[in-house]
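The block underneath contains the structure these notes are about, expressed in structure tokens.
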Amino acid sequence: MSVVPCFVGIDVAKAQLDIAVRPSGERWAVSNDTSGIVTLVDRLQTLPPTLIVLEATGGLERAATAALATAGLPVVVVNPRQARDFARATGQLAKTDALDARALAHFADVIRPTPRPLPDAQTQALRALLGRRQQLIGMRTAEQNRLAGTSEHLAKDIEAHIAWLNDRLATLDDALETLLRASPLWRANDDLLQSAPGIGPVCARTLLLELPELGTLTRQQIAALVGVAPLNCDSGTLRGRRMIWGGRAHVRTVLYMGTLVATRYNPRIKAFYERLLAAGKLKKVALTACMRKFLTILNAMLKHRTPWRAQAVQG
């Protein structure tokens, strides 16, 4: 007898996991804790599922995802916007945990995203440190913005908090540096990226940790993944403006700052930027093109294990 493919959608909340199975229509819920996740894994292993899909939920999905992957079950974490757009496209406008789980199972059946291996423990630790660093940077920026126009008494309190945040950032940077340099592979990749003028420690580590596909994809794929590829907006005889959107926003922000530095201190990117400006391109358009070119070069550097100087000569 042929085995009927089975697809599972799991809606993740802080206290509960809602599960829906397609095509059987079976639904149940477990608590989002150790005992509930063990029950979930045991029950799914009896199916067994063709594919399990969860939404990224700010880290609440990590424990369940790790347990499912460790048990050898095919699990994928997808972008919530993509899953919600799919639900709307199928006519599901209402939103409840049970409906979301059913929509995710339908998404798994129709779209069938490819499962990817989970990051190892060291990568997860590095990403956690980088994520915490981003949070502290956001807090410091907010406090610095509050300084303008505040009273002297409150200004002293805000300045004390900024000083504390600076100390915590320094401590986090040291921990990130120590953990990253302890691995020969991470250290080699970090050195490769930082050999390019314009790429500093923060930019290099953000690219390595939040863009692990760097060095494995084509230039078109990596540009689309980051969100620096121009997308068409045409209909009939109308030819709209090409624009960039989507992608990994934080990676794009860090790459923007690195490219901005490169347009001044990286001879190759600087020459490209000036050539675009001389051709009449707007500065923002020229800078976006430089981001795409810089990303393409960094992608090739990691793919071919070539540092900047040797790569520049070959190019």
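Laid out as a table, the results:
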read-out: Test result for Gln135, without any contact (Cβ under 8 Å) to a residue 40 or more places away in the chain, under 28 Å from Leu17 (Cα atoms), open to solvent by 70 Å² or more (accessible area, probe 1.4 Å) and part of a helix (DSSP H, G or I); value: yes
read-out: From the options Arg146, Arg116, residue that is at negative phi, open to solvent by 80 Å² or more (accessible area, probe 1.4 Å) and free of Cβ contacts under 8 Å to residues at least 40 places away in the same chain; value: Arg146
read-out: Near pairs, Cβ below 8 angstrom, 6+ apart or cross-chain, from the range 258-280 (farther than 16 Å from Leu295 by Cα) to any residue that is open to solvent by 70 Å² or more (accessible area, probe 1.4 Å) and part of a loop (DSSP other than H, G, I, E, B); value: none
read-out: Lone qualifier among Arg239, Arg248 - being among the charged types (D, E, K, R) and under 22 Å from Met301 (Cα atoms); value: Arg248
read-out: Output for the range 234-248, where each listed residue is surrounded by 12 or more Cβ atoms within 10 Å (Cβ to Cβ) and free of Cβ contacts under 8 Å to residues at least 24 places away in the same chain; value: Arg242, Gly246, Gly247
read-out: Breaking point among (1) free of Cβ contacts under 8 Å to residues at least 60 places away in the same chain; (2) of a type in the set (D, E, K, R); (3) open to solvent by less than 70 Å² (accessible area, probe 1.4 Å), for Asp167; value: (3)
read-out: Positions within the range 1-22 being out of contact with any Cys (no Cβ under 8 Å at 6 or more places or on another chain), closer than 18 Å to Leu73 by Cβ and open to solvent by 50 Å² or more (accessible area, probe 1.4 Å), in sequence order; value: Val3, Val4, Pro5
read-out: Residue within the range 175-194 that is without any contact (Cβ under 8 Å) to a residue 24 or more places away in the chain, part of a helix (DSSP H, G or I), polar (S, T, N, Q) and crowded, with 17+ Cβ neighbours inside 10 Å present; value: yes
read-out: Boolean, Leu126 is in a helix (DSSP H, G or I), without any contact (Cβ under 8 Å) to a residue 40 or more places away in the chain and not charged (D, E, K, R); value: no
read-out: Long-range neighbours under 7 Å by Cβ, at least six apart or interchain, first residue free of Cβ contacts under 8 Å to residues at least 12 places away in the same chain within the range 204-232, second surrounded by 16 or more Cβ atoms within 10 Å (Cβ to Cβ); value: Gln220/Ala229
read-out: Subset tally (residues that are open to solvent by less than 40 Å² (accessible area, probe 1.4 Å) and free of Cβ contacts under 8 Å to residues at least 24 places away in the same chain) for the range 85-101; value: 3
read-out: Test: residue in the range 151-162 that is in contact with a Pro (Cβ under 9 Å, 6 or more places away or on another chain) and of a type in the set (Asp, Glu); value: no
read-out: The range 66-77 - residue that is closer than 18 Å to Cys6 by Cα and under 18 Å from the mean Cα position of the chain (by Cα) and, of those, most open to solvent (accessible area, probe 1.4 Å); value: Val77
read-out: The one condition in (1) under 23 Å from Arg140 (Cα atoms); (2) open to solvent by 20 Å² or more (accessible area, probe 1.4 Å) that Ala204 fails to fulfil; value: (2)
read-out: Residues within the range 227-251 that are of a type outside the set (Asp, Glu) and under 22 Å from Lys281 (Cα atoms), tallied; value: 15
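The values are calculated or read from the model by the stated rules, or taken from the named source; none is laboratory data. All values derive from a computational prediction rather than experimental measurement. Glycine also receives a Cβ, built like all others from the backbone with ideal geometry; neighbour counts cover every protein chain displayed. Surface areas here come from the heavy atoms of the whole protein model, side chains and all, with no ligands, DNA or RNA. Shrake-Rupley method; radii C 1.70, N 1.55, O 1.52, S 1.80 Å.
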